1. Residues of the stretch 254-292 being over 22 Å from R318 (Cα atoms) and in contact with a Pro (Cβ under 8 Å, 6 or more places away or on another chain), which ones?
2. What are the pairs with Cβ atoms under 6 angstrom where one residue, in the stretch 383-400, is part of a loop (DSSP other than H, G, I, E, B) and the other, located anywhere, is crowded, with 18+ Cβ neighbours inside 10 Å and among the β-branched types (V, I, T)? Sequence gap at least six, or different chains.
3. With the requirement that a residue be within 20 Å of G164 (Cα to Cα), surrounded by 14 or more Cβ atoms within 10 Å (Cβ to Cβ) and not hydrophobic (A, V, I, L, M, F, W, C), what does the stretch 102-140 give you?
4. Given the stretch 27-124, what helices (runs of 4 or more DSSP H) lie entirely inside it while holding 3 or more residues that are among the basic types (K, R)?
5. Take the residues in the stretch 65-91 that are closer than 24 Å to N105 by Cβ and at pLDDT 85 or above, then tell me which one is surrounded by the most Cβ atoms within 10 Å (Cβ to Cβ).
6. Before we move on, is F277 of a type outside the set (A, V, I, L, M), buried (at least 20 other Cβ atoms within 10 Å of the Cβ) and more than 29 Å from E165 (Cβ to Cβ)?
7. Quick check on my filter: what residues within the stretch 38-58 are surrounded by 23 or more Cβ atoms within 10 Å (Cβ to Cβ) and either of a type in the set (V, I, T) or over 21 Å from the mean Cα position of the chain (by Cα) (or both)?
8. Only one of I172, I246 is without any contact (Cβ under 8 Å) to a residue 40 or more places away in the chain and assigned to a helix (DSSP H, G or I). Can you tell me which?
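The values are calculated or read from the model by the stated rules, or taken from the named source; none is laboratory data. Just so it is clear, the model here is predicted, and its values are computed rather than measured. Neighbour counts are summed over all protein chains in view; Cβ atoms, including those assigned to glycine, are modelled from backbone coordinates with ideal geometry.
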Amino acid sequence: MTVEEVPAMGEEFMQHTHSTLARLRDEGPVRPIAMPRGTPSYLVTGYEDARALLNDPRISKDSAGAHQLIAAKIGPENAVFSEALAAHMLNADPPQHTRLRKLINKAFTARTVARLRPRIEEITAALLDEMAGRDQVDLMPAYAGPVPITVICELLGIREEDRGEFTGWSNILLSSAEAEQMQSAGHSMHEYLTALVGQKRAEPGPDLLSDLVLTTDEGDSLDEEELVSMAFLLLVAGHETTVNLIANATLALLRAPEQLAKLRADPSLLPGAVEEFLRFDGPINIATIRFTKEPIEVGGTTIPEGEFVQVSLLAANRDAERFPDPDELDVTRPAGGHVAFGHGIHYCVGAPLARLEAEIALGGLLARFPDLRLAVEPDQLRYRNSTLVHGLQELPVLLR
């Protein structure tokens, strides 16, 4: 296949992601593809191949190596993401990844997440109260966005007045925006987080970022660059994933009224239903950047050394060879097996928090508004211009 024949991830991919991925998977489980900036890559759409590659030591996530590879393939001007924000565990290989994960695990514990339940319930109740006086809302800014943003900001000790700014930067950094916009947003985010880390070091508080500043393991601790990039990872991943999980799940239910009725009739199904929402229409489109350290055979295709590999979590989770009737939402489907949070050593550290927030937020929304329904036709909805996050730009709903 020549470069000219390689399909690109453009508008059709962004707005009709599942149908596009299904077509590409039918053409072959592994195929060359061009990312929005033109980066040549290999797209993986099959479940077994995706799951294996997510934990394959022959594939690297090293950010410095990825920047060099992008510069070599499409020019240094396109390696736009701030390296100063990229030195976190999601962009590291062992042994550096092992070290960073160990330090974050000491601060971000299961107990930390569990004790957040009462506060998440308070936040959702207050937002639902605000919505109750209206007939129609855009669920993104009214509910799906504020729940996780408030939670992660309170967890990290970020002032309420700063939240709008960093949300704007985050949206740009996770999009396919122009290089200049990306660089500006990255610079602003880095400046803000550097000042925040300095503040936490000078005056530690009862928050996760202060804990990370103070955390040590046998004399080891996070340096300044690592603290800034870890704060970035927790801040962005800590709200982006859950915003889109809540919204995508709501849309899925409103388009499948019989499944919505089952969930209303038996709220005990909700924890398992959250797993089905993650499988059916998860918040992450293509997993974060990876490249081969040596030639790898995948699905009958040999991917050469030094090539980017795009693992489609959405496609893997709708692979009929793993999930019966994959395009059908089923809130009673046996939970487990999906790769919405990744797999292996890079499995999402915030998965328990995302699950908890989604369970509380969705349960509260369905209980408060029994007549909840879409305010527009589904084909009028638009998705964000991102190959990483799979999320709606707006979700207008009628509340009564």
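1. Residues satisfying the conditions are R264, T292.
2. T387/I286
3. T124, D138
4. Those helices (runs of 4 or more DSSP H) span 96-107.
5. So in the stretch 65-91, the residues closer than 24 Å to N105 by Cβ come out as 84-91.
Within this subset, residues satisfying the condition of being at pLDDT 85 or above are 89-91.
Details: M89: 23, L90: 21, N91: 26.
The extreme case among them is N91.
6. yes
7. Hits for the stretch 38-58 are V44, T45.
8. Sole residue among the options that is without any contact (Cβ under 8 Å) to a residue 40 or more places away in the chain and assigned to a helix (DSSP H, G or I): I172.
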